[in-house]
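For reference, the structure is listed below as structure tokens.
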Amino acid sequence: MRRRIERFSPARLLRDKRGGILVEFAMAMPVLLILLIGGVELGRYVLLNQKLDRTVMTISDIVASSTTVTTAEIDQIFDATGLILEPFPFGAEGTVVISSVRRQTGSPKVIWQRSGAGSLSVTSLVGVQGGNATLSDNDLVDNSQAIIIGEVFYQYTPWFTDLIPSSIIRHQSAFRPRQSNEVVCSDC
């Protein structure tokens, strides 16, 4: 069998459809990669926020279920933070703050406060121990009962792109003590 050698013809080249899919794929590939990377980053961010919510609610709820706590017991509760947040690391990226707030002579005050579970350097937005509490709703606290407010802070850093910029994420949760009017911290 002999193959016939054809001459080059621009008209024939324009009619030839072989390899057209490769050109289309090369044009679509960057868009598909951006969508894939953005989807992974967005999914990671949503999962982290859900885990931070669960973390602050769990820790606040455990503290609110006690009548008295010590700093050693609170530190043991803080140890659970890393397990709740898996697969996200918590050490240098986060911290948890637990505060007991009670209304005394008009304005809510922070009775005791404890932070731990990580080494991120942040200040509680509720206030400092012994100072006035900054709450979104001051009616949350009445004269007869204290509340336990938990805050979790996390330094979010994206893996691939700044689609979601680096920032400190904060979640807060408040629980009323269940077994008494106030959770007392004996050595805070």
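The values are calculated or read from the model by the stated rules, or taken from the named source; none is laboratory data. Everything quoted here is computed from the prediction, not taken from an experiment. Here the Cβ is made from the backbone with ideal geometry for all residues, glycine too, and neighbour counts use every protein chain on show.
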Checklist entry - For segment 161-179, how many residues meet the condition of being at pLDDT below 85 and surrounded by 13 or more Cβ atoms within 10 Å (Cβ to Cβ)? => result 2
Checklist entry - Among 24, 41, which is among the acidic types (Asp, Glu), free of Cβ contacts under 8 Å to residues at least 12 places away in the same chain and farther than 19 Å from residue 101 by Cα? => result 24
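Among the strands (runs of 3 or more DSSP E) contained in segment 88-188, which hold 1 or more residues that are touching a Cys at 6+ places or on another chain (Cβ under 8 Å) and polar (S, T, N, Q)? It would help to see each step written out before you state the result.
Working: elements: 94-104, 107-116, 147-156, 167-175.
Where strands (runs of 3 or more DSSP E) fall fully within segment 88-188 and carry at least 1 residues being touching a Cys at 6+ places or on another chain (Cβ under 8 Å) and polar (S, T, N, Q), they are 94-104, 107-116.
Counting only residues that are under 12 Å from residue 184 (Cα atoms) and free of Cβ contacts under 8 Å to residues at least 60 places away in the same chain, which one in segment 99-109 is surrounded by the most Cβ atoms within 10 Å (Cβ to Cβ)? Walk me through how you get there before you give the answer.
First, the residues of segment 99-109 that are under 12 Å from residue 184 (Cα atoms): 99-102.
Checking which are free of Cβ contacts under 8 Å to residues at least 60 places away in the same chain leaves us with 99, 101.
Numbers: 99: 27, 101: 25.
Step by step, filter segment 99-109, then rank; the result is 99.
Let's see how each residue does on (1) within 20 Å of residue 187 (Cβ to Cβ); (2) aliphatic (A, V, I, L, M):
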{"site": "47", "(1), (2)": "no, yes"}
{"site": "57", "(1), (2)": "no, yes"}
{"site": "71", "(1), (2)": "yes, no"}
{"site": "75", "(1), (2)": "yes, no"}
{"site": "82", "(1), (2)": "no, no"}
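Here is a check on your reading of the model: is residue 131 out of contact with any Ser or Thr (no Cβ under 6 Å at 6 or more places or on another chain) and modelled with pLDDT under 85? Talk me through it step by step, then tell me what you get.
Working: out of contact with any Ser or Thr (no Cβ under 6 Å at 6 or more places or on another chain): yes; modelled with pLDDT under 85: yes.
So residue 131 passes the test.
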Next on the checklist: So residue 32 passes all but one of these: (1) at pLDDT 90 or above; (2) under 25 Å from residue 122 (Cβ atoms). Which condition number does it fail?
Outcome noted: (2)
